[in-house]
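Written out below as structure tokens is the structure these notes cover.
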Amino acid sequence: MENKAGKFAKIWHQWGARSFCVALIDVFLLAAAVYISYALRLSIFLENAGDFGILAVGTSYVAAVMLSFVLWGVYKVYWLQTSVEEMLLLLKAYVSAFLVLLAFYFLYPRSFIVPRSVIALLFLSGFSLLAAVRLTWRLDSSRTERHNDKKVLIIGAGSAGVQIARDMIRNNEEQNVVGFLDDDPAKKGKNVAGVPVLGKLSELPQLIRKYKVDTVLVALPSAPVSRVRDFLNAAVPLDVTVRILPSLHELADGRVTLSSLRPVKLEDLLGREPVRLDARQIGGLLAGKCVMVTGAGGSIGSEIVRQMLPYKPRSLILLGHGEYSIYTLLEELALRKTDIQIIPVIADVADVRAMTEVFMKYKPEIVFHAAAHKHVPLMESNAREAVRVNCLGTWTVGHLAGEFGVSRLVLISTDKAVNPSSIMGASKRIAEMTLMDLQRQYSRTSYLAVRFGNVLGSRGSVIPKFERQIAAGGPVTVTHPQMVRYFMLIPEAAGLVLQTAAIGVSGRIYVLDMGTPVKITSLAETLIRLNGYEPGRDIKIEYTGIRPGEKLFEELFYDKSHVDETSHPKIFCAKITENTHDETQNMYDKISAILQSENPAAQIAKFVHEYHPALGK
């Protein structure tokens, strides 16, 4: 007796109470199917059903189907997550039982006196009831799951937004799409892909509160960058997760998928319209040439190298002082499998002997001079090194470019060279002046300088610093609440440098359109929110005071009235006065005097009259 009880307990444990309940429901449904089949054929009261074998048929039918379900493993299925495969299993088990009953019916026709219409009705009604109940369980489960899922609002009911919504519904993502927002009045109040259009984009804050939205998906890949930027700046502070679909030109093959969605980046919030470059002009300058990039391992230098590849220069000389940065760039270029000859060179641009050997051996035809020390506070305490690299290095590279007949040299300068308040800014101003002096000595070589402000994500810039501080839990340190800076993207800056090289006129300083300056405090607050925190509550912002050499505001021109437009809308040319021509003579002697001085800052002020170190104090 105990053994039998143990076996029963074991069977019950394996089968489970849930399966037992499902089986009881099936017995009831199959019995109901028997009643429905006879009632439709005879009458609702079944007065004559006994004459047509209702008890024998019902018992045999229920027993056969239940046995088949056990053998086919129907009761091992978790019906709350049923799909097509599970419904096919149910159908196979049901048909198998019914075929056995039919075979018995035709082999022993006298055993049952059953109308054939009852058999047909029994088959249809039985499976319909079984399937309908299981689908009801599934749908009810889905509603429960949807209720507990994260609620998503999609911005843009165009083709991209609709595709995202359909993918989420089809893939049963653990997110519930509550609706679209779209400014098209024809769509308001309508259903698109089964999802309602709830209102306009301007109604986002109210609708987030009303529907308790967790996630906002921005699906506006063809919208102007400025419109997307304004919308993102409004959405990010609303304490929801924001994901964005990149613009069409960023999407691989133009295909929109769920995996295309990405977190919002700072670049999106400072979004600038894509730069249009003249590929024909740039290709005419670079194609088939030997090009050298100094500072090739840096943020701007390496991006210039990347963007030159499609223009098919004959060879690229990657010159840098840090071996690791050059190694990293070489590894990246190796993956691209380009047929352009890549020549890595580790050298110091201020080393005359090393640089002479490079020019003699490789004979570059075009030079992009991006090598420089750029960290303002560090250069304040290392003035001689700033002058050695930024000034003497520029003179060395520029002089050799003239001596070896380089057709064009482009200096990467900075907005900090305008009315400089720092050693770094002043040294870059001297570098610009050096080019003007070299232009008079070597007329066959075109010397150009390109000025721009900060670039997002460059090494040593404020953005990586803020990100490290946020990752450490704060505080985020800002020097002054009124500090503002110009920012642009690294690819944008590099592309415009190439365009300037193609259209520039000898002996000129060019300035890139930097857009609107950004308050550093606002930048810090935005980065904190993008990382999922609330400024002041989760991550604090502390003000540390302006550092030596820093300004509150940066400038791009000495005199805005002395600025010319060029053939490109984002590139401007700064005019040079006759007085400037006089000041830029004999720059090598001036650089040498600064390097030999015990007080380089004081010596710099003699040659760069607009240098005012007190501005940054």
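Structure data summary
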read-out	value
Positive minus negative residues near residue 93 (Lys, Arg vs Asp, Glu; Cβ under 12 Å)	0
Cut-off under 5 Å, modelled amide H: who pairs with residue 190 long-range	197
Phi to ³J(HN,Hα) by Karplus 6.51 cos²θ - 1.76 cosθ + 1.60 over segment 198-205, Hz, x for Gly, Pro	7, x, 8, 4, 5, 8, 3, x
Spin-label model distance (nm) - residue 116 vs residue 210, 7 Å beyond Cα toward Cβ	6.1 nm
Protection proxy ranking, peptides 411-417, 439-445, average beta carbon neighbours within 10 Å, highest first	411-417, 439-445
Length released on extending from residue 309 to residue 542, taking residue separation times 0.36 nm less the Cα-Cα span	79.5 nm
Extension reserve of the residue 534-residue 202 stretch, reckoned as 0.36 nm per residue once the Cα distance is removed	117.3 nm
Cα-based equivalent ellipsoid, segment 409-522: semi-axes from gyration tensor eigenvalues, Å	32, 15, 11
Efficiency of FRET between residue 150 and residue 468 - r from beta-carbon atoms, R0 41 angstrom, step 0.05	0.90
Under Karplus coefficients 6.51, -1.76 and 1.60, residue-wise ³J(HN,Hα) of segment 489-498 in Hz, glycine/proline x	7, 4, x, 5, 4, 5, x, 5, 5, 4
In sequence order, calculated HN-Hα J values of segment 523-534 (Karplus, 6.51, -1.76, 1.60; Hz; x Gly/Pro)	4, 5, 4, 5, 4, 4, 5, 4, 8, x, 10, 10
FRET E, pair residue 265, residue 27, Förster distance 45 Å, beta-carbon r, rounded to 0.05	0.15
When each of 210/265; 187/570; 210/540; 265/363; 465/606; 374/570 is checked by Cα-Cα distance, pairs over 32 Å	187/570; 265/363; 465/606
Estimated distance in nm for a label pair at residue 403 and residue 598, the labels positioned 7 Å out from Cα along Cα-to-Cβ	3.3 nm
For residue 477, distant residues with modelled amide H under 5 Å away	542
Amide proton proximity set for residue 508, modelled H, under 5 Å, gap of 5+	449
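Values in this text are rule-based calculations from the coordinates and carry no lab data. What you see is a predicted model; the values in this text were computed from it and never measured. Counting neighbours? That spans all protein chains shown, and the Cβs are built from the backbone with ideal geometry, glycine included.
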